[in-house]
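A.B. asks: The structure under discussion is supplied below as structure tokens; questions concerning it will follow.
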Amino acid sequence: MKFKAFLTENGVNLLEKRFLPALDKMGKICHLYLTRDHTMFLHNLLNGDGIQSVAQFRKEALFDDYRISSQNEDRIAFAIDISLLQRAVRSSVSICTEFGSGLTQNRLQIKLVKKLPPNCTQSMPFLTFETKGYKSAVIQDVPISKPFSRAQVIELQTALDMAQDLPQTLVQVPDLNQLQNFVDRLKHVGDLLNVSISKYGDLLVQISTTLITVGAEFQKLLVIGEQADAPAEDRNLSAQTRSARAVLRGDAQSVQVSVKHFAKSLQCHLAKPDCAFYGIAPRGACLTVIFQFFIPGSRQTDKSISLHCRLPVLDPGSS
Amino acid sequence: MSSEGPDLVCEVDNVQGIVDALTAVRWKRQQDAVVELSEHGVVLIVEESSCLQAKVYLQRELFIKYEYGGAQGRPRFGVSLGLLVNCLNTFSVPAGGRSSSTIEIRYPGPDMQLLLKSVDSLDACIYAEIRTRIPETISWDYNFEPAGTTPLSFTVKSAALKEAIDDLEWPGSSVQIILQPDPPSVTFKGEGHGDLQIDFMYYVNTDLLIAFSCDRQVSYRYKYKFLQATTSNIPSSVIRDNRGSKLTIGRGGMLKVQHLVSVARPSIPHPHVDSAGYQQPSRIAYIEFFVKPEEDESTIND
């Protein structure tokens, strides 16, 4: 089992400034899953109850001179602490850029090693960062779990395949920051959030307890997938009534998720996506949020980067 | 829905100001408040153990629209203060890139709820319904009467008052407030685990003690936790605006503490406001606390 690659300048920027801060919010530990073509950061794919997040990069988005081999179709997976990884990348950057020279090629190598740590009798696996500065070279070892067995990798790949189902209707969130601000304040009101998404482009998020109902409705959002025209007779009804009628008509789905999970999913804006879409998976299996990244300076989707989260549904709701 | 109109439909353009004012009387997590509506405005009342009462006056001038349709008697309802504040807070999120949002407050809803909704954005709307209760009768009427012909009162910088009361936490339990005309001064004295005395001298610290009125020495003791409640949640805007708080001792030693909280339109900044400076008087929420003195034989009475 071998893995060795050089982080590119673009790769370092993506990880250090955008994805690692976002992924850190998803959970401390993630699975790093490396294949011949892709690098993936996976949260909660194997243990059921948390928010699942899948960040996938084509190898060219992050690395140069990417070499991977294993007896398991060149696939390697292990668990890693995101905050340690973030710290290692950050200090590597500061070494590379000392004297303000900027990052030049092939100075930040990352590889999988087995080492005997001090005061230990057994060697342990590490992801090692080797950074060459002008005057110094620094090696940082980030401890990782024992690499996955063949069966575990298959299990992870299966979970990953299952996490790819697309909702039939996706609506674009107009302003992630605004929604995040709102949801952060909602956290003080209750724990369970009802989310309704309609084919008309309506997104309704609402908390209801015995004492209070607070919600926000966004209308006329961009819809991807199945869409429909909002019936004119509904126009003057309250948001709640309209949503309930749309669900009855089969034009909307509604699920209940943890407000904490929803707030976490919004933290992904730290990865600086260009847009975000929410949708409810078929049969109300989960609430999915898909982030889209554009090729810098264009409105074209950058297919080498993808990020999406799946929020477990607490109550199958009306779907 | 009833055929009669609602008791109140009003609109607020500075939700944060209202949140600040209500937060000032939120001294613990679970507090039941009574809200009273009238043609003059909205009054929210909270109290504790018949020793401490606080009122927030939101006069109709604070609202950009105020339509009172209430009957003869002033409609009253009970509501959880914490829930109301947390709910209003969700509305203080800037909507659609705007710096502030306007909300409509309506009472009662079809099920006697308090209804709130944002009204200034067409495609995004925040709404809330808060369940109200039939209010309990206020157990103790805080009749505040002047102690004599000359009022016993002083006005102190809110920041200094808060700091003094915070410092008195260390001796704990109870705090004695002494007003004396000669030399004109106010003394806060805490005795408990130790002694701590804080003096505000009228002529020495003119920028701290702004006004002073007293014709004879008086001294009363107040429970520390009640005194602390009067300043523990003073909104930061009060400190920032460098405002003063007025304390008055009434008949029987009843202490009245008054704060002023700005509910100014957030889009009009007032860069050079000082305590005496220009502020639209109509854009101020008045907050009053009434604290009963401890029954104490050692106090010098009027």
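The values are calculated or read from the model by the stated rules, or taken from the named source; none is laboratory data. Since the model is a prediction, treat every value here as computed from it, not as a measurement. Glycine also receives a Cβ, built like all others from the backbone with ideal geometry; neighbour counts cover every protein chain displayed. Quick note on the areas: whole protein, heavy atoms, side chains included, nothing else; ligands and nucleic acids left out. Shrake-Rupley method; radii C 1.70, N 1.55, O 1.52, S 1.80 Å.
A.B. asks: Given the options A:273, A:118, A:147, which has the most mean-square fluctuation in a GNM of chain A, springs set between C-alpha atoms less than 10 angstrom apart?
C.D. replies: A:118
A.B. asks: Follow-up. Give the ranking of B:40, A:261 by solvent-accessible surface, highest area first, calculated with a 1.4 Å probe.
C.D. replies: Putting B:40, A:261 in descending order of accessible area: B:40, A:261.
A.B. asks: Would you mind getting me the FRET efficiency between residue B:211 and residue B:166? Use the beta-carbon distance for r and R0 = 22 Å, nearest 0.05.
C.D. replies: Details: r = 22 Å, r/R0 = 1.02.
E between residue B:211 and residue B:166, to the nearest 0.05, is 0.45.
A.B. asks: Could you work out how far apart the two model spin labels at residue A:300 and residue A:138 are, taking each label as a point 7 Å from the Cα in the direction of the beta carbon, and quote it in nm?
C.D. replies: Result for the modelled spin labels: 3.8 nm.
A.B. asks: Here's another thing I want to ask about it. Over all residues in A:179-187, what is the mean tally of Cβ atoms on other chains that come within 10 Å of each residue's Cβ?
C.D. replies: Values: counts 2, 1, 5, 8, 2, 3, 9, 6, 2.
So the per-residue partner count for this stretch is 4.
A.B. asks: Here's something else I'd like to know. If you place +1 on the Cβ of every Lys and Arg, -1 on the Cβ of every Asp and Glu, and leave all else neutral, what size is the dipole of chain B about its Cα centre, to the nearest 20 Debye?
C.D. replies: Computed charge dipole of chain B: roughly 420 debye.
A.B. asks: Report the extension gain between residue A:2 and residue A:191 in nm, rounded to one decimal, defined as 0.36 nm multiplied by the number of residues separating them, less their alpha carbon distance.
C.D. replies: That pair, residue A:2 and residue A:191, stretches by 63.5 nm at full extension.
A.B. asks: For chain B, with a Gaussian network of springs between Cα atoms less than 10 Å apart, report the residue from B:143, B:14, B:233 with the top mean-square fluctuation.
C.D. replies: B:143
A.B. asks: With every protein chain in place, what's the accessible area of residue A:124 (1.4 Å probe, Å², nearest 10)?
C.D. replies: Surface open to solvent at residue A:124 totals about 80 Å².
A.B. asks: Here's another thing I want to ask about it. May I ask for the angle, rounded to the nearest 10°, between helix B:81-91 and the longest principal axis of chain B, with both axes built from Cα atoms and the value confined to 0 to 90°?
C.D. replies: 50 degrees
A.B. asks: So if R0 is 30 Å, what FRET efficiency would residue A:115 and residue A:161 give, r being the distance between their Cβ atoms, rounded to the nearest 0.05?
C.D. replies: Values: r = 34 Å, r/R0 = 1.12.
That pair, residue A:115 with residue A:161, gives E of 0.35.
A.B. asks: Each label point is 7 Å from the Cα along the Cα-to-Cβ direction; what then is the distance between the points at residue B:11 and residue B:145, in nm?
C.D. replies: Each label point lies 7 Å from its Cα, and together they span 4.6 nm.
A.B. asks: While we're looking at this one, here's another question. I need to check one value: relative contact order of chain A, counting alpha carbon pairs closer than 8 Å and at least 6 residues apart, in percent.
C.D. replies: Here the relative contact order equals 19 percent.
A.B. asks: Right, another one. In deg cm²/dmol and to the nearest 500, what is the mean residue ellipticity at 222 nm of chain B if only DSSP H runs of at least 4 residues count, each as -39500 (n - 2.57), divided by the residue total?
C.D. replies: For chain B, the value works out to -3500 deg cm²/dmol.
A.B. asks: How high is the relative contact order of chain B, given as a whole-number percent (alpha carbon pairs under 8 Å, six or more residues apart)?
C.D. replies: Relative contact order of chain B: 21 percent.
A.B. asks: Kindly identify the range B:1-107 as rounded, prolate or oblate by the Cα gyration tensor criterion: order the square roots of the eigenvalues as a ≥ b ≥ c, call it rounded if a/c is under 1.5, otherwise compare a/b with b/c, prolate if a/b is larger, else oblate.
C.D. replies: Values: a/c = 1.84, a/b = 1.05, b/c = 1.75.
Judged from the Cα gyration tensor, the range B:1-107 comes out oblate (a/c at least 1.5, b/c at or above a/b).
A.B. asks: Can you give me the distance in nm between label points at residue B:123 and residue A:272, each placed 7 Å from the Cα along the Cα-to-Cβ direction?
C.D. replies: Here the answer is 2.5 nm between the modelled labels.
A.B. asks: At 222 nm, what helix-only mean residue ellipticity would chain A give, in deg cm²/dmol to the nearest 500, using -39500 (n - 2.57) for each DSSP H run of four or more?
C.D. replies: Result for chain A: -6500 deg cm²/dmol, rounded to the nearest 500.
A.B. asks: With a sphere of radius 12 Å drawn around the Cβ of residue A:198, what net charge do the other residues whose Cβ falls strictly inside it have (Lys, Arg +1; Asp, Glu -1)?
C.D. replies: The answer is -1.
A.B. asks: With the cut-off at 32 Å, tell me which of the pairs B:55/B:117; A:28/A:187; A:111/A:264; A:187/B:223; B:117/B:225 have Cα atoms farther apart than that.
C.D. replies: In this structure, A:187/B:223; B:117/B:225 lie more than 32 Å apart at Cα.
A.B. asks: Under a no-solvent Debye model with one identical scatterer per Cα of the range A:2-162, what's log10 I(q)/I(0) at q = 0.09, 0.15, 0.20 Å⁻¹?
C.D. replies: -0.29, -0.81, -1.41
A.B. asks: Could you sort the peptides B:166-176, A:224-234, A:52-62 by per-residue average Cβ neighbour count (10 Å cutoff), highest mean leading? Intermediate results must be reported in sequence, preceding the final value.
C.D. replies: On the way: B:166-176: 17.0, A:224-234: 13.0, A:52-62: 20.7.
Those peptides, ordered most packed to least, come out A:52-62, B:166-176, A:224-234.
A.B. asks: For the protein assembly as shown, report the translational diffusion coefficient in µm²/s to the nearest whole number, using Stokes-Einstein at 37 °C, 0.692 mPa s, and a Kirkwood Rh over Cα pairs.
C.D. replies: Calculated translational D: 114 µm²/s.
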